[in-house]
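Below is one structure; the comments refer to it alone.
What follows draws every value from the coordinates through simple rules; no lab data is involved. These numbers come from a predicted model, not from an experiment. Virtual Cβ from ideal backbone geometry, glycine too; neighbours counted across all protein chains shown.
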Amino acid sequence: MKILTSTQIKECANQSIQSEITTSLELMESSALACFEWLKSRYSNEHNYYIFCGKGNNGGDGLALARLLYNENFNVEAFIIQSSADFSEDTQINFDKFPKSVYFIEGDDFEVTEEKAIIIDALFGTGLNKKLKGEAEKIVSKLNEINAIKISIDIPSGLFADSLPEENQIVFRADETLTFEFYKRSFLHLEAAQYAGKIHVLDIGLDKNLIENEKTDNYLIEYSHFEKNYKRRNPFSNKGNFGKAIIIGGSYGKIGSITLSTLSALRVGTGLVFTGAPEYGSLVLQTIAPEAMFFSCGDKYIEDIQIPFENYTIGIGPGLGTEATTKMAFEKMLENENNPMVLDADALNIISENKDLLNLIPKYSIITPHPKEFERLFGKTNSTLEQCELARKKAKEYEIVIVIKGHNTAILLPEGTCYYNATGNAGMAKGGSGDVLTGIITGLLAQGYDSKLATILGVYIHGKAGDYAYEKFSQESMTAQGIIQCLSDVFLELNK
Ligand SMILES: NC(=O)C1=CN([C@@H]2O[C@H](COP(=O)(O)OP(=O)(O)OC[C@H]3O[C@@H](n4cnc5c(N)ncnc54)[C@H](OP(=O)(O)O)[C@@H]3O)[C@@H](O)[C@H]2O)[C@@H](O)CC1
Ligand SMILES: Nc1ncnc2c1ncn2[C@@H]1O[C@H](COP(=O)(O)OP(=O)(O)O)[C@@H](O)[C@H]1O
Ligand SMILES: [K+]
């Protein structure tokens, strides 16, 4: 799914209107109708709906929604900011059409009975052009204090679509946001996402051809991406058709991490998986992952990485350690390798200590830092959006794929595009989840997916398996091994 800026979204709507595909009033009605249908499917008319409206079109959506609810006998009250007397044209029409009287409110001079209350925030949408102040700030602050179900229309009031709020900025805190047609980019960044709650993208009938023609560098990964690009297995295939993945890492006390990567590479369909680890890891690895082959990388830690065959794909880093000899062996390996590889964890920590090594990373390799590892590699930034933009620059500069891991993992490609992921959950916030991702991406790369697809699909599958693990084991009890176990559910779904 494309992620467009608020200006682009407005432009799409304007073009639809100019080409007489629709009118602005019809768009407002279909926005309100989409919200109405959504609400009706989730909440009964036993609730009391309190709809807070501004003077712009977001307020118009709110007033149209109030009418639709009222007409179906829902208990609804509409509140309008006092200073919002000069409505936009369509909002004025919807104000006139609302059959009940509304409350004009000033500051915190309004009452909401908390019991069974649903507060709908239609104060400001994507037309917000400055931080909330005065009356608006007072209203939102009071709403935030009320104990009720809170739903924002299009975007929580006070939030911008394309930039992040500062600390202590007043923003409506929604449990759910019903947003129109597109994810707003800010929803994919922690600083803003905390205000938006669960996001639901509603279709309001904007012309899909116009959306198709809008250019963007930011996308959200969707199931269709995976479905479209997934390589089905030919019935006549043999193990030689599905690549050789070499997973390198592990050190004393961290053989587990490389085991998790190995198991994950096996579980995404790789033809042959080899694990390179210190000798003492052999017994554990061969017991837990008998399908994988083991080759020794020294005794106590890696001294030299000798790969005993050709045509392979390397994933290196989990549990690798940063011993002096390991560093030397890793540097030598980087000097000798030309094919894209996956670099994670300690491989990245070693590079952080010697930034010249960035230049040795083979083109189109994939690096998977969490935000702290990213900071060690490329420096501090003031926000996650700045970090994402810095990653875009670095991905281009070094011609690599950068994966910034987190709740909404961001993938930055060498051509400058960003793909955000929305699968996964907080049950994955545990040691070992990242090692699973390394194995998955390495396995996909080994099977012939190019770096871009291996990463996009890998990140998506990883989160999706995490979501299955959540359903099966709960967020608390799921483990990295649970994620690996649930990879089968992802592939079974795909093969249905
Ligand atoms: N495009 C689409 O596809 C569709 C969009 N739709 C809906 O329209 C929404 C966008 O509507 P919009 O452009 O009228 O702006 P909106 O956010 O309602 O209000 C801006 C108003 O608030 C004011 N204002 C700004 N900042 C302020 C502040 N800090 N404190 C106080 N006031 C402030 C500003 O006044 P100004 O400062 O410019 O005088 C302006 O009048 C969008 O989110 C969606 O819900 C659907 O109906 C149909 C399809
Ligand atoms: N709250 C969350 N929501 C979704 N995914 C998460 C969340 N927390 C962690 N993850 C995912 O789990 C993985 C954790 O990786 P990492 O931080 O490297 O941990 P590890 O130390 O286990 O290797 C990443 O892929 C990340 O996207
Ligand atoms: K809103």
*Among 385-392, 257-264, 58-65, the order from most to least packed when residues are scored by Cβ within 10 Å on average*: 257-264, 58-65, 385-392
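I'd like the projected area of the chain, averaged over all directions, using the convex hull of its alpha carbons. Report it in nm² with one decimal.
Averaging across all directions leaves 25.0 nm² for the Cα convex hull.
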*asked:* Using each residue's phi in the range 394-411, evaluate 6.51 cos²θ - 1.76 cosθ + 1.60 at θ = phi - 60° and report the 3J(HN,Hα) Karplus result to the nearest Hz, with x for Gly and Pro.
replied: 5, 4, 5, 4, 9, 6, 10, 9, 10, 10, 8, 7, x, 4, 10, 3, 10, 10
*Rounded if a/c is under 1.5, else prolate if a/b beats b/c, else oblate: with a ≥ b ≥ c from the C-alpha gyration tensor eigenvalues square-rooted, which is the range 223-494?*
rounded
_Amide H within-cut-off set for Thr275, under 5 Å, with H built and near neighbours excluded_ = Ile247, Met293, Phe294, Phe295
*Reach of Lys142 by Cα under 20 Å, taken over lysines that are not fewer than 8 positions away in the same chain*: Lys55, Lys116, Lys130, Lys131, Lys133, Lys150
*Whole-number percent relative contact order across the range 366-470, with pairs defined as alpha carbons under 8 Å at least 6 apart*: 24
*√(5λ) per eigenvalue of the Cα gyration tensor, the range 6-215, largest first, Å*: 24, 20, 16
*asked:* Can you work out the Karplus-derived ³J(HN,Hα) for every residue in the range 153-169? Use 6.51 cos²θ - 1.76 cosθ + 1.60 with θ = phi - 60°, whole Hz, and x for glycine or proline.
replied: 9, 6, 7, x, 4, x, 9, 9, 6, 10, 9, 9, x, 7, 4, 6, 5
*asked:* Quick query: amide H of Phe79 versus all other amide H atoms, modeled in the peptide plane; which residues come in under 5 Å with a sequence gap of 5 or more or a different chain?
replied: Ile51, Phe52, Cys53, Tyr103
*asked:* Largest first, please: the extent of the C-alpha atoms of the range 1-123 along each principal axis, to the nearest Å.
replied: 44, 34, 27
*Could you work out how far the C-alpha centroid of the range 373-409 sits from that of the range 144-190, in angstrom?*
24
*Mind checking the angle between helix 451-473 and the chain's longest principal axis? C-alpha axes, 0 to 90 degrees, to the nearest 10.*
70
*Output the relative contact order of the chain, whole-number percent, from Cα pairs under 8 angstrom with separation of 6+ residues.*
12
_Separation of alpha-carbon centers, the range 238-301 and the range 51-71, rounded to whole Å_ = 58
*Using the Karplus equation 6.51 cos²θ - 1.76 cosθ + 1.60 (θ = phi - 60°), what ³J(HN,Hα) coupling, rounded to whole Hz, does each residue of the range 385-391 give in order, writing x for Gly and Pro?*
5, 4, 5, 5, 5, 5, 5
*asked:* Please give the charge dipole size of the chain, origin at the Cα centre, charges +1 on K and R Cβ atoms and -1 on D and E Cβ atoms. Round to the nearest 20 debye.
replied: 1220
_Given the DSSP H assignment, sum -39500 (n - 2.57) over each helix run of at least 4 residues in the chain and divide by its residue total; what's the result at 222 nm in deg cm²/dmol, nearest 500?_
-13000 deg cm²/dmol
*So how strong a dipole does the range 174-327 carry about its Cα centre when Lys and Arg Cβ are +1 and Asp and Glu Cβ are -1, to the nearest 20 debye?*
460
*Just for the chain, what percent of DSSP beta bridges are antiparallel, to the closest 5?*
10
